[in-house]
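Undergrad: If you scroll down you'll find the structure; I have some questions about it.
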Amino acid sequence: MRGTEARFYEVTESSPVGFFFTDIDGRRIYANRRQQELTGQTNDENETNGWLESLHPDDRGMVKDAWQATLSRNEPFLIEYRFILPSGEIRWVLGQAAPQRDSTGKIVGYMGTVTDITERKLSEEALKDHETRLVEAQRIGNIGFWERDLETDAIIWSDEMYRIYGQNREDGPMSPDQIFSRFPEEDRDRIRGHFRKCLETGVPFDADHRINRLDGELRWIHVKAEVTSDTSGVPKKFFGTTQDITETRQMQMALKQSEDRFRMTFDDGGAGMFICDIESRFVQVNKAFCKLLGYEEDELIGRKSSEITHPDDVADMPKIYERLAEGTTETESQDKRYLHKNGDVVWVYVSGSTIDDSIDGKRYVFTTVQDITDRKLAEQEREKGEERLEEAQRIGNFGVWSRDIDSGVIEWTDQVYRIFGFEPQSFEPTLSDVRELWHPDDVETVEAALAAVFETGEKYDCDHRIVRRDGTVRTVHEQAELERDEVGNPLRLFGTVQDVTEIRMARDELRLSEDRFRTAFNAGGAGMVISDYEGRYVEANRAFCEFVGYELEELRQMTSRDLTHPDERSIYDELREGLRSEDRVNIREKRYVRKDGETVWAITTGARVVDPRTDDVVVISNIQDITELKRAQEALVQNEARYRGVFDLGAAGVIVLSKEGDLLEYNRAFAEFIGHSDEELAEMKAMDLMHPAEKESALANRKALFAGEAENFYVERRFLHKTGKEVWAHLSVSVMQMEGLDPLQVIMFQDITEQRAAANALARTTELLDLVREVALSANQTTNFNEVVQFSLDRVCAFTGWSVGHAYVLPENEEDLLEPMSAWYLRDPVKYEEFREKTRTTPVDKGRQLVGEVLETGKLVWRETTPKDPNNVGPRGALLQGLGLRSGFGTPVKMGNETVGVLEFFSEGNDAYDAELADALTQVGTELGRVFERQRSELALQRREKQLRQIIDNAPVWIFVKNREGRYLIANKAVADSYGVTTEEVLGKRQEEFYKYPEEIERIRNLDNEVIEGKRSRLVRDTKIWNSKGEERDMRMFKLPFETTDGEAAVLGIASDVTDEKRAESELWRMQRMDALGHMTGGVAHDFNNLLTIILGNLQLLCRRVDDPAIVALAETAERAARRGGM
C-alpha cells in the first residue's frame, strides 16, 4: 500500500498534465505540481477555489458556469480556456473532470486533468496566417481566382478579382453576361468561342484579352480556365485564374516608342570602352580607358586583355570569351581588377557584349569599363568594420538603433532585428512598428522616459518588455542620447538595446525560489524544520509545532533526538551521522513523542544544504504527519484505487520501466498509442518501440537519470507504431526511488503526432512560399536571365536536396530546338562532370527526352522513374542510370503562353509526386519567364540602338542636339571632326567654346531659340562656318524642335557641307562664260576677214589698171596692211 501511495504521488507530480481532486462539493483537496504552475496557486489556495482567479478574465465566467453545471448535474466537465501564469504568459488548456465513486457507486468527489494545448492553438493561428499570406501573394501577383457552379450558376470571386475588374466587393461577383459586357466588342466573339470550346471539349482555356473597368479604364488580362465534370462527363464546375498584365503590355508598347525615339539619339560613350577580338586582343580603345590604366593607345592595341588583368582574375576570362564566341550568351558583366601601368590595382565594373562586323564577318566584343576602385576599397573597410561590430553585438546580445527626428526614418543593426524576433533587414521599421512591440503594460513607462529625453535632455535609460510577433515576451534594456544641432534643435536619437530576459529571469527566479521556499516552509501543510549538525532546532514552521505540541522557543532549546521515540533513537543517531559524512537525502518513517506524551507517526525527509546567507551547513527536514494514514487503512485503499484510475484510465500514456529498460507497467493509453497488444508488449523492451534515431540519446538520458546527474527531464521523441508509422510523443521522465526497492523509471506520454505533422506541413508550405518569394524578388531586381536562373536552380536544389539542376533556353527565332544554358547546380561537380559535358553538346528537339516533352506540352513533367522508356535510352539517359539518378522533373519557363525555356532537375531517390512543390516550380518558371521577356526586350532595344549609333556615327553630315543654353547634348563624329576634337569633348559644351566668331554665334543662337520657342522647323540654305584649321566652309542646315527623354526642349540639327558643291558650281559658270566669249570672237573675226577679202581684191585690181607709180605704191602699202589684219 505504501508503494502504491508513493508511486501515485511520483507519477502525478512528474506529469506534464495537471491533476486535481475535489470533494463532493467541488472544493479541491489536491493539485499536482503542473496544476499549481498553471494556476499560480498552492494546494491551500486551490482548496478555496483560488485557481479561478488565475483564469483569463474573458474566460472566467464561462468556466465558472460550466463547473457549476458539472457539480449540480454530476456530469463530466470538458472545456477549453486560458490561464494567465505568474510570469504574465497566457497558456491555453483543455480542462476535463469526471465524478469519482466508491465501491457502492456513491459519488465521493471529482478527478480532473488540465492539458496544455497552447501549441495546438498557435498552430491553428499559424494556419490562418498562412491563408492570409496566400491571399497577399495573389494580390502582389495581381492574380485573382474565380469559380462558377454550372448547376446552381453560383459564382465565387477572390478579393483580387474585384480589384482587377474595379468592382465593389459589396456588389458581389458579376454574372457571365455582365463580364462579357466589359469586353471590347471586337474581343467578345473570340472570347465566347474560347469559353464555349472549353465547356464542350474540356480543353483548358488560356488567352489574353482586354476589359473595360467601371471607371472607363482599359486593362489587359490573362485568363486561364478549366472545367471539371462528373463520372459521366457532364460539366459541373468552371474555375480558373485572372491576372492583370496591363503593365507587361505597356512595357511592350514603351519598347516600341523607345526604339522610335532612339533613332534620333545615340550613346555618349563617356565611360572607358574598348573593342577586342574573340581572343581578347585589343582592337580599339578609347581615351577614358587609356587614362584609367595609364597607357597610350598604341601600347594597348594588339595586346591581350589578360596581360593587364590581375593574376587572380585571369582564370575566369577564357570561359567568358568562350561563351561569347559560342553565342551562349550575348552579354557578360563582372567586377574585376586591372593592373595600372605603374603597378597599382584598379577595380572596375566591366560589361561586354558581342557585335558582328557585317564587312569582315568576324565577331568582336564591345566592353564598357567603369572605375569602382574607391567604392571597392570603401566596401572592404566597411565590411571589416561591420563584421567587427556585428560580432560584438552578437556576443553581447545588443544592437544599435537610430531615429531621425524630422524624417522619422529608423535604422536597426542585424542584432536589433534578432532581439525583436525578426530576420535581419527583413523590413524597414517605423515608429508604429516599434510601438506595437512594446508590452501594453509598459507603454506608458517607455513613452514617459522618451518624453523626458526631449524635455530635459537627460539620457534615455529604460528596462521594459516587448512582445514578439510569435507572442514571446522578452525584457530589454535600452539606452539612448539625443543629438541636437548648433541651435539646440533635436536631430537624431541614437541608442542601443540589449536583451536582458535571461538576466531578469534568473533574478526573478531566484527571488521566486526564495519566496516559494518561505511560503512552503511557513504555509505548507507538512511540518518543516531546520536543524544544525548536532540536531538542535534552528527553525520550525507552525505545522511542526502543532504536530509535536511545542512552541518554537521551546523547540530551540531541544534537539530532534529529544523528540524521537526511544525505540528509534539508535537509528536516528546512525542517520544523523550519515548526513554528516555525505550529501544525501534520507527518507524514512519514524515516531515522535509529543509534549503531551502521545506517539505520532511521520515521514521525514532530511537533506544537508548550505545556508547561502551564512555558509553554514544545516539539515532541512520535511515531516509529513502520517498518523491518520497509519490508523486508517481505508485511506490507503482509496489511494490505491485513485492511483489505478489515474494510471489505467488517464488520457496521457504512462509506463514504468526497470533500470534495464524492461516494461514493468503501462496503461491503456500507451498501448493504444503504440498499437501493440499486451502479449506483444510482454516480449518487448522499451528500446524495441523507439525510433532508431532516438535510441542513442534515450540511453544517454536514462544513464544520466540513474547516475543522479538529473532529477527529471522533458523531451519530444519518436516511436514506431506497430504499423511502422512514425509517431511522436512529449515525454516527462523521472526516477522513482522507494526505500528497499530498486529505482524505477516513470515516463508520462502525451501524443503530439498530429501536432508535429501540422507544424511540419505548415513549415514546409512556408518554406515553399519563401522560395517563390525569393525567386520573384530576384526576378524583380535584375534583367539578367542567366543570373536569376542560376539563383533559382541553387534555391530549388537547396530546398529539395536534388542532386542536379540545369536549364535550357529556346534560341531566338527557334520553335522546336532547345539549347543548354551555362547555369547548373551540381551537388558533386566531379561526379556529374561527364553528364554536364554531354548535355552541353546535346540540343533537344521538341517532344524528345524530359525537357522536350515539357517544351511540347508547356506543362510541368514529374517522373518518379527516369528515363521514361528503359528500353529506349539515349546517351544522357544512360549516364543518368549510371550515376544513380532515378527521378526527373521538368518545369516550363513561360513568357505569356509561350514556353521559352525548361528547368530540369534530377534526384537520386524515387520522389513521389508532390502537388505543393509542383505548384511552386510552376510559379518559379513563370517568374523566370518575366525576366526572359524583359531581357529579350532590352537586348532587342540594345541591338537597334547599336545599329542606329553606327548609322549616326558614320553619317557624312552633322547630326547634333543642343539645349536652350546652347550646350551639345548629342554630337556625332562629323561635328567633332569639324572642331578637331573627339565626340566626348564636344558633349556638354557650347559652340562658342570651339567657334570664335561672335556675330555668327549670336545668329546661330537666335535661330536655335526661334526653333525651340516657336516649335517649328527651319531650313538655312547658306551659312558659313570656319573649322579648326581656319578654313571657311559653306553649310546647308535643317533645324527642328526636339524633346529629350527628360522632357527638356531642345533643337535637333542636321547639316551638310556644301563648300565643294559651291566651288564646282562657280567653276562651271566661269567655263560657260569663256565658251560664250570664244564663240563671239570667232564670229567677229570671220566677218572682218570677209571685209578684208573684198578690200584686197579691189586693191589688186587697182594696181593692175593704174599706171601712176605713186598710186600703185599706196595701193601696195594698203594691201600689205590688209593682209596683216587678216592673219
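Undergrad: Quick check on segment 138-164: of everything there that is of a type outside the set (A, V, I, L, M, F, W, C) and within 14 Å of Gly240 (Cβ to Cβ), which residue is modelled with the lowest pLDDT? I'd like the intermediate steps shown before the answer.
TA: Pass one, segment 138-164, residues of a type outside the set (A, V, I, L, M, F, W, C): 138-139, 141-142, 144, 147-149, 151-153, 158-160, 162-163.
Keeping just the survivors that are within 14 Å of Gly240 (Cβ to Cβ) gives 138, 144, 147-149, 158, 160.
Numbers: Gln138: 62, Gly144: 83, Glu147: 89, Arg148: 86, Asp149: 88, Ser158: 84, Glu160: 84.
The extreme case among them is Gln138.
Undergrad: While we're here: When residues of segment 478-535 are filtered for being within 29 Å of Arg556 (Cβ to Cβ), among the polar types (S, T, N, Q) and at pLDDT 75 or above, how many remain?
TA: Final tally of qualifying residues: 1.
Table: residues versus (1) farther than 29 Å from Thr766 by Cα; (2) assigned by TED's automatic domain parsing to the domain that holds Ala776; (3) part of a loop (DSSP other than H, G, I, E, B); (4) of a type outside the set (Phe, Trp, Tyr).
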residue	(1), (2), (3), (4)
Val830	yes, yes, yes, yes
Lys859	no, yes, yes, yes
Lys868	yes, yes, yes, yes
Lys894	no, yes, no, yes
Asp911	no, yes, yes, yes
Gly929	no, yes, no, yes
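Undergrad: Scan segment 423-439 residue by residue and report those that are surrounded by 10 or more Cβ atoms within 10 Å (Cβ to Cβ) and either in contact with a Pro (Cβ under 9 Å, 6 or more places away or on another chain) or assigned to a helix (DSSP H, G or I) (or both).
TA: Hits for segment 423-439 are Leu431, Asp433, Val434, Arg435, Glu436, Leu437.
Undergrad: Looking only at segment 512-526, decide whether some residue is surrounded by 17 or more Cβ atoms within 10 Å (Cβ to Cβ), within 30 Å of Arg608 (Cα to Cα) and of a type in the set (Gly, Ala, Ser). Please lay out each step first, then the result.
TA: Quick first cut of segment 512-526, residues surrounded by 17 or more Cβ atoms within 10 Å (Cβ to Cβ) only: 521, 524, 526.
Subset that is within 30 Å of Arg608 (Cα to Cα): 521, 524, 526.
Subset that is of a type in the set (Gly, Ala, Ser): 524, 526.
Looking through segment 512-526, at least one residue is surrounded by 17 or more Cβ atoms within 10 Å (Cβ to Cβ), within 30 Å of Arg608 (Cα to Cα) and of a type in the set (Gly, Ala, Ser).
Undergrad: Scan segment 55-74 and tell me whether some residue there is touching a helix residue (DSSP H, G or I) at 6+ places or on another chain (Cβ under 7 Å) and either at pLDDT below 80 or surrounded by fewer than 19 Cβ atoms within 10 Å (Cβ to Cβ) (or both).
TA: yes
Undergrad: How many residues, within segment 950-969, are within 47 Å of the chain's Cα centre (by Cα) and modelled with pLDDT under 85?
TA: The number of residues fulfilling the criteria is 4.
Undergrad: Name the pairs: first residue in segment 991-1020 and within 16 Å of Leu969 (Cβ to Cβ), second residue among the aromatic types (Phe, Trp, Tyr), Cβ to Cβ under 8 Å, at least 6 apart or on different chains?
TA: Sorted first by the residue in segment 991-1020, then by its partner, the pairs are Gln991/Tyr968; Phe994/Tyr979.
Undergrad: Looking at Val345 and the list (1) under 35 Å from the mean Cα position of the chain (by Cα); (2) among the β-branched types (Val, Ile, Thr); (3) at pLDDT 85 or above, which single condition is not satisfied?
TA: (1)
Let's see how each residue does on (1) of a type in the set (Ser, Thr, Tyr); (2) surrounded by 14 or more Cβ atoms within 10 Å (Cβ to Cβ); (3) in contact with a helix residue (DSSP H, G or I) (Cβ under 8 Å, 6 or more places away or on another chain); (4) in a helix (DSSP H, G or I):
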residue	(1), (2), (3), (4)
Asp441	no, no, no, yes
Glu444	no, no, no, yes
Arg469	no, no, no, no
Thr475	yes, yes, yes, no
Leu482	no, yes, yes, no
Val487	no, no, no, no
Thr496	yes, yes, no, no
Tyr537	yes, yes, yes, no
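Undergrad: Further question: Taking His310 as meeting all but one of (1) under 19 Å from Arg337 (Cα atoms); (2) modelled with pLDDT of 85 or more; (3) more than 36 Å from the chain's Cα centre (by Cα), write down the number of the exception.
TA: Condition (3) is where His310 drops out.
Undergrad: Could we say that Phe494 is more than 36 Å from the chain's Cα centre (by Cα), under 18 Å from Arg403 (Cβ atoms) and not assigned by TED's automatic domain parsing to the domain that holds Ala607 here? Spell out the reasoning first.
TA: Numbers: more than 36 Å from the chain's Cα centre (by Cα): no; under 18 Å from Arg403 (Cβ atoms): yes; not assigned by TED's automatic domain parsing to the domain that holds Ala607: yes.
Taking the combined requirement at face value, the residue does not satisfy it.
Undergrad: Look through Ala878, Ala798, Ala823 and report the one residue that is of a type in the set (A, V, I, L, M) and assigned to a strand (DSSP E or B). Break it down into steps so the answer makes sense when it comes.
TA: Values: Ala878 fails: assigned to a strand (DSSP E or B); Ala798 fails: assigned to a strand (DSSP E or B).
Testing whether each residue is of a type in the set (A, V, I, L, M) and assigned to a strand (DSSP E or B) leaves just Ala823.
Undergrad: Please enumerate the residues belonging to segment 141-178 that are in a helix (DSSP H, G or I) and buried (at least 18 other Cβ atoms within 10 Å of the Cβ). It would help to see each step written out before you state the result.
TA: Step one: list which residues in segment 141-178 are in a helix (DSSP H, G or I), which gives 159-165, 169-171, 176-178.
Answer for segment 141-178, where residues must be in a helix (DSSP H, G or I) and buried (at least 18 other Cβ atoms within 10 Å of the Cβ): Glu160, Met161, Tyr162, Ile164, Tyr165.
Undergrad: Name the pairs whose Cβ atoms lie under 7 Å apart, with the first residue in segment 186-213 and closer than 16 Å to Asp244 by Cα, the second among the charged types (D, E, K, R) and assigned to a helix (DSSP H, G or I), and 6 or more positions between them or separate chains?
TA: Hits for this filter: His209/Asp187; Arg210/Asp187.
Undergrad: So which strands (runs of 3 or more DSSP E) stay within segment 18-107 end to end and still have 2 or more residues that are without any contact (Cβ under 8 Å) to a residue 24 or more places away in the chain and among the hydrophobic types (A, V, I, L, M, F, W, C)?
TA: In segment 18-107, 77-84, 90-101 are the strands (runs of 3 or more DSSP E) which contain 2 or more residues that are without any contact (Cβ under 8 Å) to a residue 24 or more places away in the chain and among the hydrophobic types (A, V, I, L, M, F, W, C).
Undergrad: Looking only at segment 828-844, which residues are loosely packed, with under 13 Cβ neighbours inside 10 Å and more than 14 Å from Gly877 (Cβ to Cβ)?
TA: So the first thing to find is which residues in segment 828-844 are loosely packed, with under 13 Cβ neighbours inside 10 Å, and the list is 828-830, 833-834, 837, 841.
Across segment 828-844, the qualifying residues are Asp828, Pro829, Val830, Glu833, Glu837, Thr841.
Undergrad: Would you mind finding the one in Glu965, Glu916 that is out of contact with any Gly (no Cβ under 8 Å at 6 or more places or on another chain), touching a residue at least 12 places away in the same chain (Cβ under 8 Å), assigned by TED's automatic domain parsing to the domain that holds Ser792 and surrounded by fewer than 16 Cβ atoms within 10 Å (Cβ to Cβ)?
TA: On the way: Glu965 fails: assigned by TED's automatic domain parsing to the domain that holds Ser792.
Glu916 is the lone residue from the list that is out of contact with any Gly (no Cβ under 8 Å at 6 or more places or on another chain), touching a residue at least 12 places away in the same chain (Cβ under 8 Å), assigned by TED's automatic domain parsing to the domain that holds Ser792 and surrounded by fewer than 16 Cβ atoms within 10 Å (Cβ to Cβ).
Undergrad: For segment 797-832: of the residues being among the β-branched types (Val, Ile, Thr) and in contact (Cβ under 8 Å) with a residue 12 or more places away in the chain, which is farthest from Ser937 (Cα to Cα)? Give the steps one after another, and end with the answer.
TA: Taking segment 797-832 as the starting set, the residues that turn out to be among the β-branched types (Val, Ile, Thr) are 800, 804, 809, 830.
Going one step further and asking which of them are in contact (Cβ under 8 Å) with a residue 12 or more places away in the chain, we end up with 800, 804, 809.
Values: Thr800: 33, Val804: 30, Val809: 16 Å.
Per the stated criteria, the residue is Thr800.
Undergrad: Still on this structure: Scan segment 305-316 and give yes if some residue there is aliphatic (A, V, I, L, M) and without any contact (Cβ under 8 Å) to a residue 12 or more places away in the chain, otherwise no.
TA: Checked segment 305-316: at least one residue is aliphatic (A, V, I, L, M) and without any contact (Cβ under 8 Å) to a residue 12 or more places away in the chain.
Undergrad: Looking at segment 983-1002, which of the residues that are over 47 Å from the mean Cα position of the chain (by Cα) and either crowded, with 16+ Cβ neighbours inside 10 Å or among the acidic types (Asp, Glu) (or both) is farthest from Asp953 (Cα to Cα)?
TA: Across segment 983-1002, the extreme among qualifying residues is Glu999.
The values are calculated or read from the model by the stated rules, or taken from the named source; none is laboratory data. Just so you know, these numbers come straight off a predicted model, no measurement behind them. Reconstructed Cβ throughout: ideal geometry from the backbone, glycine too, with neighbour counts over all protein chains shown.
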